[in-house]
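Take a look at the structure set out below.
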Amino acid sequence: MRIDVSLVPGEIAAKDVSGSVVVIIDVLRATSSIATALASGCEEVIPAESIEEAITLANGYKRSDYVLGGERRGVPVEGFDLGNSPQEYDGPRVAGKKVIMATTNGTSAINKYGIAREIFTACFLNADAVIGACEAYDDCDLVLVCAGQDGRFCMEDTLCAGLMATRIAHDKGAEMSDSAKAASLLYQQRKGSIEDELLRCDHGAYLVGIGYEQDVRYCSRNSILDVVPKVYDRRVIRRARGGPEE
Ligand code: MLT
């Protein structure tokens, strides 16, 4: 097994990952909202490329069967049921429903790697569970994709990729690419202050400035959710923990 990290979106092309396990990471906040929604009993999350696509997808379902969520510039989209605050995606709001979600960077990143052997989404909240799922695929390579912010590198996704790369390299003796080593070194240097790093990074500070400090603090919590979000047929579903055959 070799671990690679796409530090910015698109750095590793979708065509190069056909035999690999891909993990999409958008700590602030799309993959944190997805992990929370699935842990709260939502049936599936349908990631949309745009607000318009989310509305079109929603029109295909009965109103009582779905929740429409998403953001632009961090704030809820007018007319949508929920924004992108992970803790909004709790049991009473999402249990038994489809969540149709359009966020700026995260949901489109999820739709880019359709031909990979397996695709998971991860964040700090479910890091342990996704690490366990990835380690079951030790016969293939692992690509950790940082969703980034508006096409650019971002600290929070890199720290989460670094946590995952560090653990999997240790547990499985996997090799790391240069970008995986860089993410791992960054994580090891900052692992004692993840909450502060998230509060201070560009997008974290922006979210704090518009009133979402609690979201940022929540998203920094490590492995409080035992859920492995698996992308299947352009939907994100909850995968049982265990080996590749499950
Ligand atoms: C995104 O997809 O860009 C983010 O999740 C933005 C956010 O809501 O913080």
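For this structure, a couple of remarks:
- Potential lengthening between Asn222 and Ser64 on full extension [0.36 nm per residue; Cα-Cα distance subtracted]: 53.6 nm
- Cα centroid of segment 31-85 to Cα centroid of segment 171-185, whole Å: 34
- Kirkwood Rh in Å, taken over all unlike Cα pairs in segment 1-138: 15.4
- Residue-averaged 222 nm ellipticity for the chain, from DSSP H runs of 4+ at -39500 (n - 2.57), nearest 500: -10000 deg cm²/dmol
- Additional length obtainable on full extension of the chain from Gln214 to Ala95, 0.36 nm per residue less Cα span: 40.6 nm
- Applying 1/(1 + (r/R0)^6) with R0 = 30 Å to the Cβ-Cβ distance of Asp178 and Tyr206 gives a FRET efficiency near 0.55.
- Within segment 101-116, backbone nitrogen closer than 15 Å to the virtual label 7 Å beyond the Cα of Arg73 toward Cβ: 104
- For the chain, the Kirkwood hydrodynamic radius comes to 17.5 Å, computed from all pairs of different C-alpha atoms.
- If you sort Phe120, Phe153 by accessible surface, 1.4 Å probe, largest first, the order is Phe153, Phe120.
- Among beta bridges identified by DSSP and lying wholly in the chain, the antiparallel ones come to about 30 percent.
- Across the cross-link table entries Lys15/Lys172; Lys112/Lys181; Lys15/Lys112; Lys97/Lys230; Lys112/Lys191, which are compared at the Cα atoms, the separations over 19 Å belong to Lys15/Lys172; Lys112/Lys181; Lys112/Lys191.
The values are calculated or read from the model by the stated rules, or taken from the named source; none is laboratory data. This is a predicted model, so every value here is computed, not measured. For neighbour counting, all protein chains shown are included, and Cβ atoms are generated from backbone atoms with ideal geometry for every residue, glycine included. The area values use the complete protein model at the heavy-atom level, side chains included, leaving out ligands, DNA and RNA. Shrake-Rupley method; radii C 1.70, N 1.55, O 1.52, S 1.80 Å.
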